[in-house]
Amino acid sequence: MSAWLPDETTLHAGTGTCAGPRTGTRHGADVFAVLRDRTAEVTAAGAAWLVGAAAYPRSTLAQWEAHPGSPGVLPCGSAFDVVNVPALFGRRMLEHLWADGPGSGPVATHRGRMLLFAAPGTAQRLPSLLDWEEWGTSHEQAAEHDLEVPQEAEDREGRVPPLLCHGTGDAVTVPPLACDSSSSGPRWVVAPGTRNPWLPGPDVLLWACVRATRSAPSGPARISIFPPADQGAKVYDVSRRR
C-alpha cells in the first residue's frame, strides 16, 4: 500500500484505495471504513522506513522478521516525531485530515490514545503554535505528567486536549508488522507503506487540532420525560396537610 506518496491517486470513499495528500476526497467520507481492511499490516517498504529510525536498522529488522507479531520500540526525532492524542480527538483529527485536508501519515492506536506520525521537529513546534493561537490546553501540567483529562471537559472549554508530543530524546511503542484482529495491544490505523511516507508538519496538525476542537459536540442534550410546564397553569401548595 502506498498511502502517502503525494503524486498517487487520492482517497475516495468506496474505491478501496488510498494515497498521498488529499486533493479530491469527498467531504463526509467514512475514511475509517475505507482504511479498515487495508492497513492492518506494514509493507516491506514501510518496515524499511520504520527501522531507519533505529540505531541498528539491520538487527531491528531481523528481529521484526523473526517475530512479526511483536510490537517494537523506536526513537523519535530523526525519521519522525509522534503526536499522541486521546483516541476520540484523534479520530476527529483524522476525519478532517482525510475529508478536508491533505491526508495523514502513518497512524497507530495504543492504550486508548492515537499516535500520529509527523515530520521531525513537529514535537517541538506544535505546542508553541497551539499556545500562540490560544488553542493550547488549560491543563499544561496534565501533559507533563501524562494525566488524562476527560474529553467532555475539554470539549466544554473549547480547547485542544493535552497532547503528548514525542521528539528528539523520546521513544514510542509501535505496533507489530502484522496485527491480529483480536489483539488488544498497539495496532495500526494507517500502516506505513513506502520508504518515504509523507508526514504532516506542525502547521497541518495545528489546522487539524483546531478543526477537531470546533467540531466537538458541546455536550449531551438533556431529555426530560415530563412535558413542558404550562406557564398559565395555577400552582397549588400541597405540602401542608389539612
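Computed from the coordinates by the stated procedures, all read-outs in this text should not be read as laboratory data. Computed from a predicted structure; not experimentally measured. Glycine also receives a Cβ, built like all others from the backbone with ideal geometry; neighbour counts cover every protein chain displayed.
Key figures
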read-out	value
Cβ-Cβ FRET estimate between ALA178 and TRP135, R0 fixed at 45 Å, reported to 0.05	0.75
Sequence ranges 44-50, 160-166, ranked by mean other-Cβ count within 10 angstrom, highest first	160-166, 44-50
Size of region 63-109 as Cα extents on the principal axes (Å, biggest first)	39, 24, 19
Segment SER128-ALA62, extension gain: residue separation times 0.36 nm, minus the distance between their alpha carbons	19.9 nm
Spin-label model distance (nm) - SER215 vs ASP170, 7 Å beyond Cα toward Cβ	2.4
Segments 64-72, 197-205 sorted - mean Cβ within 10 Å per residue, highest first	197-205, 64-72
